[in-house]
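The values are calculated or read from the model by the stated rules, or taken from the named source; none is laboratory data. Since we're looking at a predicted model, the values are computed, not measured. Cβ atoms come from the backbone with ideal geometry, glycine included; neighbour counts cover every protein chain shown.
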Amino acid sequence: MPADRRILWLCLGGLALIAAAACTAWFFANFERHPQTVEIGASAQARRNPFLAAARFLVRVGIPVESRTGRDLLLRPPPTTDTLVVNGLGPLNARRRAALRAWLEGGGRLVVEATDLWDRDRRADDFLGQFGIRLEKVKTATKDTPGLAKVQWGDGLTPLTVRFRPDWSLEARNVNHPFVVRANGHTHLVRQAVGAGWLTVTSDSEFLTNGHIGRHDHALFLAELARPAAGGKVWLLYDSAVPWLGALLWAAAPAALVAAAVLILVWAWSLGARLGPRAGTPDRRRRDLLEHLDAAAAFAWRHGRASQLVATTRRQVQGAWQRRRPELRHLGPMEQAAVIAKANARPTEVIARALQAQAQGVPGFIDQARVLQSLWEGTRPRRTGIPGAPQPRRPPVPISLSPAMTLSRITETR
């Protein structure tokens, strides 16, 4: 490489490096990195379990805890040293209510939210009504009602602040020495001893959910409210609804469901399976040959194949005349046209054009078909005129001639 070109490339490279360094310095001088918080919403586990944050807090303060769903803990309660926190109790039959009460009297601790309105069905809650506790709707509550309650729990000097929903309240009747939490003149929590155990009823459990457990003193209040006995455990039953029929059947008889599904699949497959092709119903109607010829001729005309039919027809006509007049085989095209024209009393040019040339357009094709048809008719033997004498048979119409004739008729109608 020449020296001057090398110097030029070095200068250009240096300028590029200087420009890159200048752009980098300008970028860092005018922009700075800073963290940004992007809200991605709650996780799938948090959306499914509203007590997830409460469970994690109890683990952090050293209280054994486990979250569950379903009604197993209501049908078969845990040991009496444990605490059961239920997000809505739901209906229970008499036998289940008796078993749950026996568990309470044996030392169990139940924290439950009242769900059935007394004003709606004119009866107490299935389970809580036997303890004289009812849920009522506060008609005077508004969105601006604070609903904050100061709870003096245990020996603590500082009361705990808990916010309950102001539109719900509890009514406790015939309750012996209950512990009551009130806010805005309404009762929101009732705690009473049942035998050796404790029953705690709240007007709502919103303060225990993921979005509210971190506010005020909700987390600390939960730790004091759900603290189990020595060696006990806290059970958070966040969904006690009855599962749908499919879940119950799967839990009771999964093998039967799998067998039924396989049977249905095999039955559905058998509906569409067959051996060999499907046999169609034969058509017993007699077909019209003219309809077939019309369809074949129309198809040939639409796809530009009329010339093939005419060429085949010309060969058939020429062969018929050569069989009738063998001397035509030794003549040229024009001489053959002249002999055929003389026999049919037609101009030689018309016969030559019909036998040699391809007609252009619909009128020309019709004329050519008519001429070929008349030439074919001229090849049949004449009658002898002798009465009783056998008449010669008429030669059959060529296969290729019939579509051409039919096509000429179709084009005439168009």
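So which of VAL181, VAL175, VAL201, VAL190 ends up being β-branched (Val, Ile, Thr) and more than 51 Å from the chain's Cα centre (by Cα)?
Numbers: VAL181 fails: more than 51 Å from the chain's Cα centre (by Cα); VAL201 fails: more than 51 Å from the chain's Cα centre (by Cα); VAL190 fails: more than 51 Å from the chain's Cα centre (by Cα).
Only one candidate passes the filter, namely VAL175.
Kindly state which helices (runs of 4 or more DSSP H) lie completely within region 40-121 and contain at least 2 residues that are of a type in the set (Asp, Glu).
Hits in region 40-121: 118-121.
Please enumerate the residues belonging to region 288-304 that are closer than 19 Å to PRO363 by Cβ and not aliphatic (A, V, I, L, M).
TRP301, ARG302, GLY304
Tell me, yes or no, whether region 317-338 has at least one residue that is in the same structural domain as TRP301 (by TED's automatic domain parsing), part of a loop (DSSP other than H, G, I, E, B), under 28 Å from ALA297 (Cβ atoms) and over 60 Å from the mean Cα position of the chain (by Cα).
no
Given (1) of a type outside the set (D, E, K, R); (2) crowded, with 17+ Cβ neighbours inside 10 Å; (3) part of a helix (DSSP H, G or I), where does ILE264 come up short, assuming only one miss?
ILE264 satisfies all of (1) of a type outside the set (D, E, K, R); (2) crowded, with 17+ Cβ neighbours inside 10 Å; (3) part of a helix (DSSP H, G or I) except (2).
Return only the number of the condition from (1) touching a helix residue (DSSP H, G or I) at 6+ places or on another chain (Cβ under 7 Å); (2) farther than 30 Å from LEU208 by Cα that PHE27 does not satisfy.
Evaluating PHE27 over (1) touching a helix residue (DSSP H, G or I) at 6+ places or on another chain (Cβ under 7 Å); (2) farther than 30 Å from LEU208 by Cα leaves (1) as the failure.
In region 72-86, how many are surrounded by fewer than 21 Cβ atoms within 10 Å (Cβ to Cβ), in contact with a helix residue (DSSP H, G or I) (Cβ under 9 Å, 6 or more places away or on another chain) and over 13 Å from VAL234 (Cα atoms)?
The total comes to 2.
Give the residue, chosen from ALA311, ALA320, that is within 16 Å of GLN373 (Cα to Cα) and in contact with a helix residue (DSSP H, G or I) (Cβ under 9 Å, 6 or more places away or on another chain).
Of the residues listed, the single one that is within 16 Å of GLN373 (Cα to Cα) and in contact with a helix residue (DSSP H, G or I) (Cβ under 9 Å, 6 or more places away or on another chain) is ALA320.
Would you say GLU39 is among the acidic types (Asp, Glu), under 44 Å from the mean Cα position of the chain (by Cα), assigned by TED's automatic domain parsing to the domain that holds LEU225 and closer than 24 Å to TYR238 by Cβ? Please lay out each step first, then the result.
Details: among the acidic types (Asp, Glu): yes; under 44 Å from the mean Cα position of the chain (by Cα): yes; assigned by TED's automatic domain parsing to the domain that holds LEU225: no; closer than 24 Å to TYR238 by Cβ: yes.
The answer is no for GLU39.
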